[in-house]
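Below is one structure, written out as C-alpha cells, with a few remarks after it.
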Amino acid sequence: MVKINSTSRFFSINTKVILTQTDTTVGFLSQDAQKLQTIKSRPSSKPFIKVYKNFKALKEEGQRVPNRLKKELRRASKTTYIVNDKAFRVVQDRLHSQLLQNTTWNYSTSANEATKNFDREFCTQKADIIIEDNNSLHEGKSSKLYKVTSVKKVRLR
C-alpha cells in the first residue's frame, strides 16, 4: 500500500518524510534532517543515521572506513557504524534498497516519539508518504550499533 498525504508528485521525494518498514524496524526516511528533528522533537546536536543504497554511494560521499573493517562492513546486515562521529549503514534489504534507488542516501530514524514505542496514529499523521508491503508495519529490533576508531570497535547497542 502506498498512501500520499500531499498533492505533490513523487519526483520531489527528496524533501518528503517517508514512513516505511526498514530493514530493521518501522522508520522515517528523508533527506531533510530538519523535518525529522521536528517530528521527533530531537535536539539538533544529535545526528541521524545516514542510510546508503550501496557501497559505491558510501564511497562517493567521502565516508572513509578503516581497512580492517571493509570485509566486515560488506558482510554486515542490520548494523550501523559510527566512524569519525558519522553514523551510517548500507542497506541489504531489497524493499528498502528500492526506496533509495533514485537517491543515494537518506537520513533514517525510528518511527516513534522520543522514548516511546511505535504508534501508528502518530506516524501516519507525521509522514508525507506511507509505503507498506503485505507484511504491514511492525516494530522490530533496532540495528546493532558500533563505534569504530582506528584502534578499537565498541558495541554501543
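The values are calculated or read from the model by the stated rules, or taken from the named source; none is laboratory data. Fair warning: this is a prediction, and the values are worked out from it, not measured in the lab. Every residue, glycine as well, gets a Cβ built from its backbone with ideal geometry; the counts of neighbours run over all protein chains shown.
Of the helices (runs of 4 or more DSSP H) that lie entirely inside the range 62-157, those containing 2 or more residues that are at pLDDT 85 or above and over 18 Å from PHE28 (Cβ atoms) span 70-75. Scanning the range 36-61 for residues being more than 21 Å from ASN102 (Cβ to Cβ), of a type in the set (Ser, Thr, Tyr) and not in a loop (DSSP other than H, G, I, E, B) gives a total of 1.
In contact (Cβ under 8 Å) with a residue 12 or more places away in the chain, surrounded by 20 or more Cβ atoms within 10 Å (Cβ to Cβ) and over 22 Å from GLY140 (Cβ atoms): which single residue out of LEU19, LEU29, LEU36, LEU58 fits that description? When all the criteria are applied, what remains is LEU58. In the condition set (1) over 22 Å from VAL83 (Cα atoms); (2) under 14 Å from the mean Cα position of the chain (by Cα); (3) at pLDDT below 85, PHE28 is compliant with all but (3).
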